[in-house]
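Note sheet for the following structure.
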Amino acid sequence: MSLRSVLQGMPPISTSRITDTLIRRYVDNADPVILEVGCHDGGNTIGFLNMFANPHVYCFEPDPRAIARFRERIGQRTNVHLFEVAVSDRIGQITFYQSSRKPDTQDSTSQGDWDRSGSIRKPKKHLTKHPWVTFDKSLVVNTTTLDAWCAQQGIDHVDFIWMDVQGAEMDVFNGGTQTLQKTRFLYTEYNNQELYEGQANLKQLVDYLTQFKVLIRYSDDVLLKNTSFQKSKPY
C-alpha cells in the first residue's frame with residue numbers, strides 16, 4: 001500500500017503541535033478523567049496537572065526505568081494513579097522490548113539513555129529509520145486491557161485518552177472497545193511506516209475507530225473526537 005493511498009481522505013497535516021490551551025478547550029471540564037497510556041516518566045502527567053483544576057489521571061507504564069523516574073518526579077498525589085503494566089488486548093504477561101541508546105551515537109541530542117521507544121511490538125523498520133536506538137534487552141511485563149481495568153476501577157466515562165504505545169495502538173484498541181465507546185477524546189501517536197511488527201497505519205486506526213472523527217492530524221499524532229459519546233454526567 002502506497003503512502004498516498006494511506007493518506008487519501010485524511011485531513012492535511014497541521015504544522016503546529018497540540019497545546020495545553022487546545023486540550024483544555026476541547027475537554028472543557030475542570031475535573032476530567034484522563035487515561036495516560038504509556039506515561040513514560042511523567043512529563044505529560046505534570047502537564048495535565050497544570051492544565052486542569054482537579055484532574056484524575058490514571059497512568060500506565062511497563063518500563064521499570066521510566067517508572068522509577070515517574071515516582072521520583074510525581075511523588076504522592078491523590079489524583080494521580082500509576083499502574084505498572086502494559087495495556088494490550090489481553091490480561092496476562094507479554095514480552096516488552098526495551099529501547100536504549102547506541103553507545104557514542106551522534107544521532108540524537110537527548111542526553112542519557114533512551115527508554116522512549118520500548119514496545120510490546122517487536123521493532124522492525126525502527127531499526128533502520130533510527131539506527132541510534134537499540135533493542136538489545138527485553139523483559140516480561142504484566143498486561144491488562146482498558147475494558148478489564150475500567151470494570152475493575154468502576155470508571156464509567158473517560159474524558160481524554162493520551163496514548164504513546166509505540167506501534168501497539170491496535171492492541172490497546174482491541175482490548176478497549178467498551179472503553180472507547182465511553183471516551184470523549186483520544187490523542188494517539190501513529191506512524192504510516194511499520195516501525196514495529198504489525199503496526200497499523202493511520203488509515204487502519206481511523207477505520208477501526210468508526211465512532212471517532214479526526215479533529216487534527218499532526219505529523220505523527222492525531223486528535224480524535226467520539227461523535228457518538230453519550231453524556232452520563234453534566235460538563
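The C-beta contact set for segment 62-88 (first residue farther than 27 Å from SER100 by Cβ, second residue surrounded by fewer than 17 Cβ atoms within 10 Å (Cβ to Cβ), distance under 8 angstrom, 6+ apart or interchain) comprises ASN79/ASN54.
Every condition in (1) in contact with an Asp or Glu (Cβ under 8 Å, 6 or more places away or on another chain); (2) modelled with pLDDT under 95 holds for THR145 except the one numbered (2).
Annotation: of all residues in segment 119-138 being open to solvent by 10 Å² or more (accessible area, probe 1.4 Å) and touching a helix residue (DSSP H, G or I) at 6+ places or on another chain (Cβ under 8 Å), the one that is nearest to VAL85 (Cα to Cα) is ILE120. For segment 23-58, a residue qualifies if it is within 29 Å of TRP114 (Cα to Cα) and among the aliphatic types (A, V, I, L, M), and the qualifying residues are ILE23, ILE34, LEU35, VAL37, ILE46, LEU49, MET51, VAL57. Whether a residue is in contact with a Pro (Cβ under 6 Å, 6 or more places away or on another chain), of a type outside the set (A, V, I, L, M) and touching a residue at least 40 places away in the same chain (Cβ under 8 Å) was assessed, and PRO11 does not pass this test. Selection of segment 186-235 for residues being of a type outside the set (A, V, I, L, M, F, W, C), surrounded by 16 or more Cβ atoms within 10 Å (Cβ to Cβ) and under 17 Å from ASP164 (Cβ atoms) yields TYR187, THR188, GLU189, TYR190, ASN191, ASN192, TYR196, GLN199, ASN201, ARG217, TYR218, ASP221. Restricted to segment 9-30, and to residues that are charged (D, E, K, R) and closer than 30 Å to SER100 by Cα, which residue is modelled with the highest pLDDT? Among residues in segment 9-30 that are charged (D, E, K, R) and closer than 30 Å to SER100 by Cα, the one modelled with the highest pLDDT is ASP20.
Kindly indicate whether any position in segment 96-113 is among the basic types (Lys, Arg), touching a strand residue (DSSP E or B) at 6+ places or on another chain (Cβ under 8 Å) and open to solvent by less than 60 Å² (accessible area, probe 1.4 Å). Yes, the conditions are met somewhere in segment 96-113. Of LYS225, LYS203, LYS213, all but one fail to be basic (Lys, Arg) and free of Cβ contacts under 8 Å to residues at least 60 places away in the same chain; the exception is LYS213. Between VAL37, VAL6, VAL33, the distinction of being at pLDDT below 95 and under 20 Å from PHE212 (Cα atoms) belongs to VAL6 only.
The values are calculated or read from the model by the stated rules, or taken from the named source; none is laboratory data. Since we're looking at a predicted model, the values are computed, not measured. No Cβ is skipped: glycine too gets one built from the backbone with ideal geometry, and neighbour counts run over all protein chains shown. Quick note on the areas: whole protein, heavy atoms, side chains included, nothing else; ligands and nucleic acids left out. Shrake-Rupley method; radii C 1.70, N 1.55, O 1.52, S 1.80 Å.
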